[in-house]
Amino acid sequence: MVQWVILTLSCIDVIDLIPTDIMNGLLLSTTVDRAGIHVNKRIPISLSLGKKSIFSKKSSSEEWHDQVEFTAGIFRPADAKFPWPLVQKHTDTYIKRKGKLSQPEVDLRLSTLIEDHEARDVAVAACAHLMSPASVRASLNVGLDVAPASFYGLNTYLQCLIAANKANARAISDLEAIWATLLLPNTIPGPGAAKRYLEGVCTILGASAVPHMDIPPDFAILARRAFEEYASQLEGLKLRCQWVLAHSSVAWMAKLQLETQPTGSNGQKLPVALLDTHFPNWRIWSNWRPNLERIKMLDGMPSDRRGILDEMLALEGPDFITGEKPTLRAGLIAQYGAAKPNVSFGTLVFTVPKCTRDELKELLDSLVVALERAINGGDKNFKFFGELTLVRPITVNGLQIIEAVSAIPEIPTCCIHKVVLDIWNSRDSIGGKHITSLLHLITTLDLPEGDILRKTLLKDWLLCGIEKCIQECQKAVRNHIENGLEWTHLAAELHTFLMVVKASNCFKLLRTPLRKHLENLPPADIFQSVIDIHAVAAGEQALDTSPRSKLLKDSIEAYMIDQLIEKGPNSSPSRQILDALLGIWKSGKDIERQKLAIAVCRVPNMTHFFRCCCISQIPQLPMQVVKSLHEHMNTPRIHKDLSCLKLTDILANSNDRDFVQCWKIVLYNIIEEVSDTILEYSLDHLKESEWFHWTLNLHALFLNTIMNSKISPRRILQRQFHQMVEQLSEFIPTLARLQEKVSDNFLSYQSIIIGCPEPVWITNLLPLLRALRVAQEQPAEQLMHGIVGRLTKDFKNAFKISQCIQALLDITPEGFSACERILESHEEKDVPTSVQEVALAGWFLDDDMTEGDKAALKALAVTLDLRAFEDGIPNEYWYLLSSARHYYEEQEKKVLAEADRLDDIKIALKKRDPVGTAILLQQLGVEDVHPLDEEMGTLPPGILDVVERRGENGFEISFPLTSFTDLDRAALGLGTSKTLLVRVFVDYTCEMPAAFCAHMDDDDQSQDIDAVHTPWVCLDDTKDPEAAYCGKVTTAFTWQLNRHLHRHLKVGTITIASLHTFITNNIRALAHSCLICGANHDAPSIRLRRSTPCTLPSCNLLFNTIPIEIRIPELRTDIFAVDLILTTVYAAAMSNRHELLPGCPITTNAGVTAILNALPVLSILRDAMHPSAILRTYHPSAEQLLTWACTHFRGFVTSATGRAKIPGFPRRPSPAHRRRARSGNLHGRRAVDVV
């Protein structure tokens, strides 16, 4: 035992040193060499054992599983090379380790090992020799070890039987082991496993001496289970009609049919007896002899087709009817014996008219052939086959139709399957609705491939159906025609069908009357021409209910009834017109000529002769004439007037008398149609010359009608009308001149033609026009034009106007002036009639008026509906004079008010556009007012008092400075100035920018009235002013204000009031803004008195470069305060106390004293025009030191004034004292009062 363990460990150590993949290769190669046939039955074991796994603690059962699995390898108990001793040795070792155990305990432990081991057969081989027979048999449960249906585990179970027999023969008999060994090849699991097992069992039974199946009980259980599964499998194949798979499953039973006895000669159980017991239908399946090629073809059909042909496919299966025939189809034939015309199988119904088996057999054989053709013929053939076999009873004729249709190639224009099916299904009720199907069917029957179909279908029922279809279609066409419905499509369809029937093989089989009718059919081209005529006519809106289109409509409909339905009377004129139209259609496909012919047919009141003549002329007419005639004959009613004008020109310009004679009837009808509007339309749309030329053309075309007094044509064709036109044509220049001079004149040839009655024309308008022609180019002509303009549209005042115009021919210039003024006042709507009558009475009393003048005035008064007081205003009409006086007074007021209004407009315009307004006033000759005066006139009193005009475009505003205190004055450098004067120069033409200058009232410039000012011009590109520009001296106050004004005036519109407000606000807040840029210091709660630069570096830099008198205002106004500051600086330098001079630009005390000693008397700097230049002459750094001394501290120093002075304190030092101070001999404090 110890040696075996050592050997095992040594082997494991050696194996552990070999790589896993190499070890697997060695194991696999050796096993394949020894038992290559079983290599694929077990998965190769990949051994990977390390030292940790060897020395780790494992249970004895786990160690047993690993050892047995490793030892068995890929061998099975049925293999000859299976290592029986080795695997059993492992079990012996396992049991010995457990100590002394009883047999039940051994059985329990080993049964557990068998249950837990993966390879159950190997475990049985290793453990069965130590187990009791009952325990071994108990561990082998066929019901649990073998899965139903698929028989998974059968191979392992048989291996277990072999292993148990070999290890413990008392548990498993040798017969069971032999059966297990023989059945191993039939244990492949999965589909067909039951069939394979039964095949193996039957083979063993035929060769063994087993008297019955109870001897191997487990095999009997498996056999019963297999029979159940096998029968269920075949039943499923039968239901699904999977005959190929079913045939392969039952082929093994064919050889068993030779055995007729259930047991052999020696008493053994034969397979037949077993099958009869457990599978009674096996003989039906074994008798099955299908056509293999056919069932393979059927098996290859798609599932959707198989689903609808299941009962038909069942006929190829086993004979479950008689049980003896090779197929169910043969069994169906064999069982038929009753005299029944219909045989049913499921939903299939077979029609057997003769009720014989041979007829049924022939029908079923034909069905098989038809099915094969349907399967191979495509979807259409298959659907057609299903319609004739599944939906309705299966007949010989139906199968013949299927065969015939399958022989016809596919036709692109129709589906022959649908056509035949439609006709076949409706064979007892074929009518007009089947015309399309019959058309395609008859066409197909005439094909070479349609011979079989023709023999099958061309029967009496089809001929009757064709005749009935023709009759119903004829009736439909007639009904549509009689009811006014659209019928051309029905007629065309019927004609096509009749032509096809006439040319087909069935024509000679029809009845004689129908054949004669078909023989007289019109050719297709003639029939199509009639249809085209109808189509063009419909497009031209000719086929309506009006009488003028009845002739063409009746002609076409009568022709259709005569040719398609039945012969009948047809009027000769109608047929002549239709023949004429057909001539147009035969001449060529010219749509314009065809439409023109249709239009001619629509012309009313035209004889058949002229109508046919017009149609016959159409082919010879030029295309341009054809288009014009068609266009003008078919225009809508609203455009008929234009068509009348155009058609008149066409006929008048033609030299063909026959053409004119025929087509002027068309023009006459159009004139009749538009007689109410043609005159107005022609007058509105034709020029003068064009209109008179058109009337001349009408006169030439219809001369006979115009001169015939027996007829009463329309006014445009009457003799009186044309005479009036002829007379009116003489006054065309006079009327044109009247139209040119008077825009609102009503008198024109148009108004005369339309609204003037003949008596008025002769009595009044002719004399009026003659008078206008005489007065042409005379002074009275314009007056006459004005009076003629008052002529009304109804010509009711024509007599008054005519008398007035004739009276004006004998007028003098004085009378002409009087008439003109009366007419002008009358045309003014606001002049009362009383005023006009008073003025007229005054002209009558004028001694210069002649009798002709008074007659003209009286005629004018009658025309204007005024009363003419030839002898003055009577007393009873005194109110007329009062009304006239009141009128003229009101006119005077209105004139004055209008003048004021115009002045206001002029002022408003100047505010918006002064330049444009000045130019406009100059063009109008109106005296202009200067804009500055206008603006000053609108100023409020508070501002007007401080503004004075200076020059043409300048004004000066004064601002009092009395509100400033002494400290404010000292801080801003105002000195003793009381008033600020700002002079502004504005160019109101906007050609130059604004300019300004600012002075104090005590400046030389302001005191000298004649002084010439040089103002600062506020150009866009100039900087703020920095130096003096007008005058010699500037102050800190005016210097800062100048910069504010420059910024304000160079942007925005300048007005005196806004400028006054701006300067006033800036003066008050000057100390609160930056001296340089004007920015607010944002210190509202602090009282500031002097302007300083802001914190911007640019402002501080510029502050150091501006004139010193601006930086130090005291240099002009308070030199004593400057002197005090310089004295303190001097004292600090003399005492060598430089720390008292923080930030001083002069770093040495000697330098400070040297500069101060070099300075002149401060009054020189005060009176100098440029103090900075004076300081540089004394010392280069003098200005720098002086600026620092006066500005480096907060606040400012000023001389005390008023009550701030110290009583008894010396007020001013003497000049000698001042000189001693500069020389260093100053003792004590300087005598200056300071704050």
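List of remarks:
- Look at the alpha carbon pairs under 8 Å that are at least 6 residues apart: their mean separation over the length of the stretch 1114-1223 gives a relative contact order of 32 percent.
- Computed from the Cβ-Cβ distance with R0 of 41 Å, the FRET efficiency linking Val369 to Lys508 stands at 0.80.
- Spin-label pair Val895/Glu449, simplified geometry with 7 Å Cα→Cβ offset, distance in nm: 11.3 nm
- Here Arg719 and Ser654 are evaluated by their C-beta separation; at R0 = 25 Å the FRET efficiency comes out at 0.50.
- Entries of Lys296/Lys383; Lys595/Lys640; Lys1023/Lys1050; Lys98/Lys166; Lys195/Lys255 with Cα pairs more than 19 Å apart: Lys296/Lys383; Lys98/Lys166
- Among 303-315, 431-443, sorting by the average number of other beta carbon atoms lying within 10 angstrom of each residue, highest first, gives 431-443, 303-315.
- Placing unit charges on the Cβ atoms of the charged side chains and taking the dipole of the chain about its Cα centre, the candidate lying farthest along the positive direction among Phe1037, Val405, Leu154 is Leu154.
- Dipole of the chain, positive end: most advanced residue of Ala884, Leu967, Asn168 [Cβ charges, Cα centre]: Asn168
- Estimated purely from DSSP H runs of n ≥ 4, each contributing -39500 (n - 2.57), the mean residue ellipticity at 222 nm for the chain is -17500 deg cm²/dmol once divided by its residues.
- With contacts taken as Cα pairs under 8 Å and at least 6 residues apart, the chain reaches a relative contact order of 3 percent.
- Taking θ as phi - 60° and the Karplus parameters 6.51, -1.76 and 1.60, the scalar couplings of the stretch 88-101 work out to 5, 4, 5, 5, 4, 4, 4, 5, 4, 5, 7, x, 7, 10 Hz in sequence order, x denoting glycine and proline.
- Charged side chains reduced to their Cβ positions (Lys and Arg at +1, Asp and Glu at -1) give the stretch 797-923 a dipole of some 740 debye around its Cα centre.
- Environment charge at Ser366 (Cβ cut-off 14 Å; Lys +1, Arg +1, Asp -1, Glu -1): -3
- Among the GluC sites (Glu not before Pro) in the stretch 333-414, those located in a DSSP loop and surrounded by at most 13 other Cβ atoms within 10 Å of their own Cβ are Glu410.
- FRET efficiency, 1/(1 + (r/R0)^6) with R0 60 Å, evaluated for Leu909 and Ile1086 via beta carbons: 0.75
- Across the stretch 723-895, Cα pairs under 8 Å and at least six residues apart give a relative contact order of 19 percent.
- Each Lys and Arg Cβ is given +1 and each Asp and Glu Cβ -1; about its Cα centre, the chain then shows a dipole of about 6180 debye.
- In the chain, a dipole from Cβ-located charges (positive for Lys and Arg, negative for Asp and Glu) runs towards its positive end, and of His1179, Ile188, Ile905 it is Ile188 whose Cα lies farthest in that direction.
- Unit charges on C-beta of K, R, D, E only; dipole of the stretch 906-994, Debye: 160 debye
- All aspartates and glutamates inside 18 Å of Lys589 as judged from Cα atoms, apart from same-chain residues fewer than 8 positions distant: Asp525, Asp532, Glu540, Asp579
No value in this document is a laboratory result; all are computed from the given coordinates. None of the values given here were measured: they were computed from a predicted structure. Reconstructed Cβ throughout: ideal geometry from the backbone, glycine too, with neighbour counts over all protein chains shown.
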